[in-house]
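Chemist: The structure that follows is given in the form of structure tokens.
What follows is calculated from the coordinates using simple rules that are stated; it is not laboratory data. Quantities reported herein were computed from a predicted structural model and do not represent experimental measurements. Reconstructed Cβ throughout: ideal geometry from the backbone, glycine too, with neighbour counts over all protein chains shown.
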Amino acid sequence: MIRTFCSPANYIQGANILDSHLEVFKALGKNGLIITDSFVWEMTGAKLATQLAAMGLAISKYLFKGESSEEEVAAIKASVAADLDFVIGLGGGKAIDVAKSVANQLNLQIAIVPTTAATDAPTSRISVIYQEDGSFSHYQLLKKNPDLVFVDTAVIVQAPTRFLASGIADGLATFVEVQAIQKGHGKNLVGGSSTLAALAIAEQCEKTLFAEGELALKANEMKVVTPAFENVVEANTLLSGLGFESGGLAAAHALHNAFSVLRSEVHQLTHGEKVAFTTLVQLVLENAPLSRLNQFVKFYQALGLPTTLAEMKLADLSEADLKLVAAHAVNENDTLQQMGLNLTAADIYAAILTLDNYVKSL
């Protein structure tokens, strides 16, 4: 199988770069569209638009409705000017995914300006598409990675610590999943075999998060940017992004997607919070050494992340609903299949119950 590795054309990270390094946006063209939500527009978007306009760029905006769906992408496409050159995705994971999809379908340049470090969406050529009701639909493979990823850590540090912790959980799934893909000779997100570079990046992501995650959260609590905070933001965003896309996703993210079929309070959790729990399930499925499982459980608990069904707001989950989740997790079109373990819905069901019972016994 052909090995593939992909990455954004340009990644820039640092404190207050939205005030000092905006010249790089000129390379994207003259006419730009900022896709964001109303809250982020008031917080950051309006100022960014004014600053770019002062540089001679023509900037318009579209206020994202909240769901990364085909319907939302179509609505944005129908509203844009014919002479548009580039799109800026400003905000969290779903706004970023919608912006990437719009730019891809209109063959435009794309810049990503995340306002949290909660996901690894900014760097990839993947958009996660959901149904209008919030249930997972599919991964949309785009023509290219973003032209620019612009991460202002002075903005990121103002976000609630919950988002940084969520990004840490999403990042910690990366090496677990990439290792599983390589062992199972599976495919990465762009349909190729993962590279040694992807494995090394994923491993460094995990090392950084375990070593510096708690200190970064303390800095986030005080709203100050420190070396540990910068390192964790880079791990959550760049290292995890390169690792998952070029290394591959496995059971942890397939299970995350499967939980989206439930109509329950689980949807109050962030992407990363759900991935924390599903990463533990994957470790059980792989029969990982107990010492490694315990390392993840204790670290997640220190960060306030879910490690039981009750903490996933699923204490009253019925047997039928749990079996429904398990059935969706083994969908032949999702990423669990890349592990090469021939896992069944019964295996998933057993692993979820075993993990929950084990953690409650600690």
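Chemist: Expressed as a rounded percentage, what relative contact order does segment 1-91 have, with Cα pairs under 8 Å and six or more residues apart? All intermediate terms of the calculation are to be shown ahead of the outcome.
Modeler: Numbers: 85 pairs, mean separation 35.7, N = 91.
Dividing the mean separation by the residue count of segment 1-91 yields 39 percent.
Chemist: Also: Using θ = phi - 60° and the Karplus curve 6.51 cos²θ - 1.76 cosθ + 1.60, what whole-Hz ³J(HN,Hα) does each residue of segment 268-280 get, with Gly and Pro shown as x?
Modeler: Rounded to whole hertz, the list is 6, 7, 6, 3, x, 4, 5, 5, 4, 5, 6, 5, 4.
Chemist: Quick check on packing: order 237-248, 338-349 by the mean number of other C-beta atoms within 10 Å, highest mean leading.
Modeler: Result, highest mean first: 237-248, 338-349.
Chemist: I want the local charge near L343. Using Cβ-Cβ distances under 15 Å, sum +1 for each Lys or Arg and -1 for each Asp or Glu among the other residues. Walk me through the intermediate numbers first.
Modeler: Values: positive: K183, K323; negative: E177, E286, E332, D334, D347.
Value of the local net charge: -3.
Chemist: Something else about it: Under Stokes-Einstein, with the Kirkwood radius over Cα pairs standing in for Rh, what whole-number D in µm²/s applies to segment 213-264 at 25 °C and 0.890 mPa s?
Modeler: After rounding, the answer is 187 µm²/s.
Chemist: Using Cα centres only, tell me the gap between segment 31-105 and segment 332-348 in whole Å.
Modeler: Taking the Cα centre of segment 332-348 as reference, the centre of segment 31-105 is 36 Å away.
Chemist: Compute the distance in nm between two label points, each set 7 Å from the Cα along the Cα-to-Cβ direction, one at V24 and one at R263.
Modeler: Taking the two extended label points, one gets 4.5 nm.
Chemist: If you plug each phi of segment 299-305 into the Karplus form 6.51 cos²θ - 1.76 cosθ + 1.60 with θ = phi - 60°, what whole-Hz ³J(HN,Hα) values come out, in order, with x for Gly and Pro?
Modeler: Residue by residue, segment 299-305 yields 5, 4, 5, 5, 8, x, 9 Hz.
Chemist: Quick check: pseudo-label points 7 Å beyond the Cα along Cα→Cβ at K360 and N342, how many nm apart are they?
Modeler: According to this spin-label approximation, the distance is 3.3 nm.
Chemist: Counting only helical runs of four or more DSSP H residues, what would the 222 nm mean residue ellipticity of the chain come to if each run contributes -39,500 (n - 2.57) and the total is spread over all its residues?
Modeler: Estimated from H runs of four or more residues: -14500 deg cm²/dmol.
Chemist: Moving on. Could you please report the charge total around Q109, scoring K, R as +1 and D, E as -1 over all other residues with beta-carbon less than 14 angstrom from its beta-carbon?
Modeler: +3
Chemist: Residue by residue through segment 237-249, what is 3J(HN,Hα) from phi via Karplus (6.51 cos²θ - 1.76 cosθ + 1.60, θ = phi - 60°)? Round to whole Hz and write x for glycine and proline.
Modeler: With the stated coefficients, segment 237-249 comes to 9, 7, 5, 5, x, 5, x, 5, 6, 8, x, x, 10 Hz.
Chemist: What's the ranking of 260-266, 193-199 by average number of surrounding C-beta atoms within 10 Å, highest first?
Modeler: 193-199, 260-266
Chemist: If you work out mean projected area of the Cα convex hull in nm² from the coordinates, which of (1) 18.5; (2) 24.9; (3) 16.6 do you get?
Modeler: (3)
Chemist: Please give the FRET efficiency for A58 paired with A197, using the beta carbon to beta carbon distance and R0 = 35 Å, rounded to the nearest 0.05.
Modeler: 0.35
Chemist: Let me ask you something else. Around I59, which amide H atoms from residues at least 5 apart in sequence, or from another chain, sit under 5 Å from its own amide H, with H modelled in the peptide plane?
Modeler: G32
Chemist: On full extension of the chain, what length is gained from K144 through K223, given 0.36 nm per residue of separation minus the C-alpha to C-alpha distance?
Modeler: The K144-K223 span can extend by a further 25.0 nm.
Chemist: Amide H neighbours of V151 under 5 Å, at least 5 residues apart or on other chains, H built in the peptide plane: list them.
Modeler: Counting only residues 5 or more places away or on other chains, the set is I12, Q13, G14.
Chemist: With the dipole of segment 91-204 worked out from charges on the C-beta (+1 for Lys and Arg, -1 for Asp and Glu) around the Cα centre, which of L142, S124, G92 lies farthest toward the positive end?
Modeler: L142
Chemist: Quick one, can you get me the convex hull of the C-alpha atoms of segment 233-353 expressed as volume per residue in Å³?
Modeler: For segment 233-353, the hull spanned by Cα atoms encloses 110 Å³ per residue.
Chemist: Could you please rank T123, T36, T44, placing first whichever residue has the fewest other Cβ atoms within 10 Å of its Cβ? Could you put the intermediate results ahead of the total?
Modeler: Numbers: T123 26, T36 29, T44 20.
Listing T123, T36, T44 from fewest to most nearby Cβ atoms yields T44, T123, T36.
Chemist: Averaging sequence separations of C-alpha pairs under 8 Å and six or more residues apart, then dividing by the length of segment 11-156, give the relative contact order as a whole percent.
Modeler: 28 percent
Chemist: Please report the relative contact order for the chain, taking Cα pairs under 8 Å with a sequence separation of at least 6, and give it as a percent rounded to a whole number.
Modeler: Across the chain, relative contact order equals 17 percent.
Chemist: Where does the charge balance sit around A302 when Lys and Arg score +1, Asp and Glu -1, over other residues with C-beta under 12 Å from its C-beta?
Modeler: Charge balance near A302 sits at +1.
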